[in-house]
Amino acid sequence: MASTKVAAPTIRQTNMLIGGKWQESLGGKRFPTVNPVNEKVIADVPDGNEADVDAAVKAARTAFESGPWNKMDARDRGRLMNKLADLMETNLDELAALETLDNGKPIRDSKTADLPLAIDCLRYYAGWADKLSGDTIPIRGNYFCYTRREPVGVAGQIIPWNFPILMAAWKWGPALAAGCTIVMKPAEQTPLTCLRMAELAQEAGIPDGVINVVTGYGQTGAAIVKHPGVDKIAFTGHYETAQKIMVDAAGTLKRLTFELGGKSPNVVFADADLDAAVAGAEFGLFFNQGQCCCAGSRLFVEQPIYDKFVDKLVARAKTRKLGDPFDPKTTQGPQVDSDQFQKIMSYIDKGKTEGAHCLTGGTRFGDEGFFIEPTVFANVTDNMSIARDEIFGPVLSVLPFKNADEIIERANSTYYGLAAAVWTRDVAKAHKFAASVRAGTVWVNCYDVFDAAAPFGGFKMSGMGRECGEIGLSNYTELKTVTMSLT
Ligand code: ADP
């Protein structure tokens, strides 16, 4: 990529979308979204309250019950979704720059990862719109029995700030394909790209009320969860928020899918391709400033190669280029906000006081913005907080291990179960690990390989249900059984 700095984007939309109208909050309040590079306010967006959520749910309900979406020919729904994907591709540079401005992620990542993956996801699910079908069931007696897959209704979708565009696409894609309508709340830290995507959805011709976006903080999300007009909640974020959502959703027994955090084991056996594993360890943790739910934050390295591996890893971590995310050469931007910055720095302090060896990083980078040096801790033990808790930052804990028997138990000794990886040239070892590790995704000799067709989600406290793939679509459908007498 050329090194010329990419220009900051024009901000086109700072109101929220309810029933096809761009509007302020009925409460009149707004809140700022902050640039993590310089801590300055980028823009103010509406602070959606319960009345706004109610209006959005009513709009979504009307669009679902009497609007054209659910009744539209499924092929036409798919066509409109493809049109949205095309518009996102046409406006890729602008959307990528807006994502970088609001989130701080390097422009090279916004352009080559977030946007292409989001566009691909919408196209993948557009293809599913006309492929939802039921079964004919041979039941006892003189009956004709069949099933229908129908849209679940109004979907409340609450997303985090680490991959704003991609998370919106992961949620919109299956919901739209199934014929659902949407009330989305983007994260308070990064509302701008979701609003712009909703503008493009309007431009694509997706009817009013099908996609509603209400901006706000956690209480706006809670209002969506509690609203009786919402049939299903899809949430990505922290498990403690998911626990609150379960409680709030209990009154109306909403369908729930959660994609939560992780403390994913990345396991390197001594027979692995060393350089590939080092590169995978670096990418698996530092990508997106370490702000990935599936980050390989517990790096287990087999003892015979431990010292050599750690030396190479530290050398590699030092080559990461921190700075202005609009510079195409930058590989690491700032953390998203002050809260995340403080939390990560406190874990770095804990790692030091608990006796881990900080081999590189461990400090703030620069004197403005939320930058943190890539940090590698060696000689980490399983009970240290940096080996147990999700840090969600550029902090890698390296733990030595003795052999294949020991590693499974240690890898599984966490309340999370989102992802895992194993590096080895021994096929049997790889399959044994893949079968034994309690995680929703296992990567073998690779890390962070995502595809809209491949299911993603967590075991244990990393989530409920799966996103992406056909199973991601089934979250947005209800199954109806129809039995007809033939006598
Ligand atoms: P993170 O730690 O990644 O910020 P959170 O779980 O706090 O994760 O936030 C993820 C999303 O959930 C955000 O859009 C946030 O505003 C929303 N949220 C926070 N609290 C609640 C809640 N009680 N009910 C519904 N949504 C919430």
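Values in this text are rule-based calculations from the coordinates and carry no lab data. Being a predicted model, the structure only gives us computed values, none of them experimental. With ideal geometry, Cβ positions are generated from the backbone for all residues, glycine too; neighbour counts draw on all protein chains shown.
The residue of region 254-281 that is farthest from residue 434 (Cα to Cα), among those that are of a type in the set (Gly, Ala, Ser), away from the ligand (no atom under 15 Å from the Cβ) and in contact with a Ser or Thr (Cβ under 8 Å, 6 or more places away or on another chain), is 272.
Matching residues to (1) in a helix (DSSP H, G or I); (2) in contact with a strand residue (DSSP E or B) (Cβ under 9 Å, 6 or more places away or on another chain); (3) within 30 Å of residue 37 (Cβ to Cβ); (4) touching a residue at least 12 places away in the same chain (Cβ under 8 Å):
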residue: 127; (1), (2), (3), (4): yes, no, no, yes
residue: 145; (1), (2), (3), (4): no, yes, no, yes
residue: 166; (1), (2), (3), (4): yes, no, yes, yes
residue: 170; (1), (2), (3), (4): yes, yes, yes, yes
residue: 174; (1), (2), (3), (4): yes, yes, no, yes
residue: 177; (1), (2), (3), (4): yes, no, no, yes
residue: 184; (1), (2), (3), (4): no, yes, yes, yes
residue: 193; (1), (2), (3), (4): yes, no, yes, yes
residue: 220; (1), (2), (3), (4): yes, yes, yes, yes
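All conditions in (1) within 25 Å of residue 72 (Cβ to Cβ); (2) within 16 Å of the ligand (Cβ to nearest atom); (3) of a type outside the set (Val, Ile, Thr) hold for residue 164, with the sole exception of (1). Comparison of 296, 290 shows that the only residue that is at positive phi, surrounded by 23 or more Cβ atoms within 10 Å (Cβ to Cβ) and in contact with a Gly (Cβ under 6 Å, 6 or more places away or on another chain) is 290. Residues that are more than 21 Å from residue 385 (Cβ to Cβ) and within 16 Å of the ligand (Cβ to nearest atom) were ranked within region 299-337; the one that is surrounded by the fewest Cβ atoms within 10 Å (Cβ to Cβ) is 337. Pairs meeting the criteria (first residue in region 362-384 and under 16 Å from residue 340 (Cβ atoms), second residue of a type in the set (Lys, Arg) and part of a loop (DSSP other than H, G, I, E, B), beta carbons under 7 Å, at least 6 apart or on different chains) are 374/320. Among the residues making up region 366-395, those that are touching a Pro at 6+ places or on another chain (Cβ under 8 Å) and closer than 11 Å to residue 348 by Cβ are 372, 373, 375, 394. Among the residues of region 351-387, those identified as under 19 Å from residue 37 (Cβ atoms) and in contact with a Phe, Trp or Tyr (Cβ under 8 Å, 6 or more places away or on another chain) are 364, 365, 370, 371, 372, 373, 374.
Scanning region 182-234 for residues that are near the ligand (Cβ under 8 Å from one of its atoms), among the hydroxyl-bearing types (Ser, Thr, Tyr) and buried (at least 20 other Cβ atoms within 10 Å of the Cβ) turns up just one, 220.
Answer yes or no as to whether residue 387 is in a loop (DSSP other than H, G, I, E, B) and in contact (Cβ under 8 Å) with a residue 12 or more places away in the chain.
Numbers: in a loop (DSSP other than H, G, I, E, B): no; in contact (Cβ under 8 Å) with a residue 12 or more places away in the chain: yes.
Judged against the criteria, residue 387 is not a match.
In summary, residue 349 fulfils each of the numbered conditions (1) buried (at least 19 other Cβ atoms within 10 Å of the Cβ); (2) more than 24 Å from residue 267 (Cβ to Cβ) with the single exception of condition (1). One residue stands out in region 442-486 among those that are of a type in the set (Ser, Thr, Tyr) and closer than 30 Å to residue 142 by Cβ: the one that is surrounded by the fewest Cβ atoms within 10 Å (Cβ to Cβ), namely 485. Taking region 203-240 as the range and being hydroxyl-bearing (Ser, Thr, Tyr) and more than 19 Å from the chain's Cα centre (by Cα) as the test, only 220 passes. For region 91-120, the tally of residues that are of a type in the set (Ser, Thr, Tyr) and either crowded, with 23+ Cβ neighbours inside 10 Å or in a loop (DSSP other than H, G, I, E, B) (or both) stands at 2.
Inclusion of residue 33 among residues that are outside any loop (DSSP other than H, G, I, E, B) and over 22 Å from residue 230 (Cα atoms) is warranted. Within region 368-393, being under 24 Å from the mean Cα position of the chain (by Cα), more than 16 Å from the ligand (Cβ to nearest atom) and not polar (S, T, N, Q) holds for 369, 371, 372, 373, 374, 386, 387, 388. Here residue 73 fulfils each of the conditions (1) in contact with a helix residue (DSSP H, G or I) (Cβ under 6 Å, 6 or more places away or on another chain); (2) within 22 Å of residue 212 (Cα to Cα) apart from (1).
Restricting attention to region 241-253, the residues being within 7 Å of the ligand (Cβ to nearest atom) and surrounded by fewer than 20 Cβ atoms within 10 Å (Cβ to Cβ) number 3.
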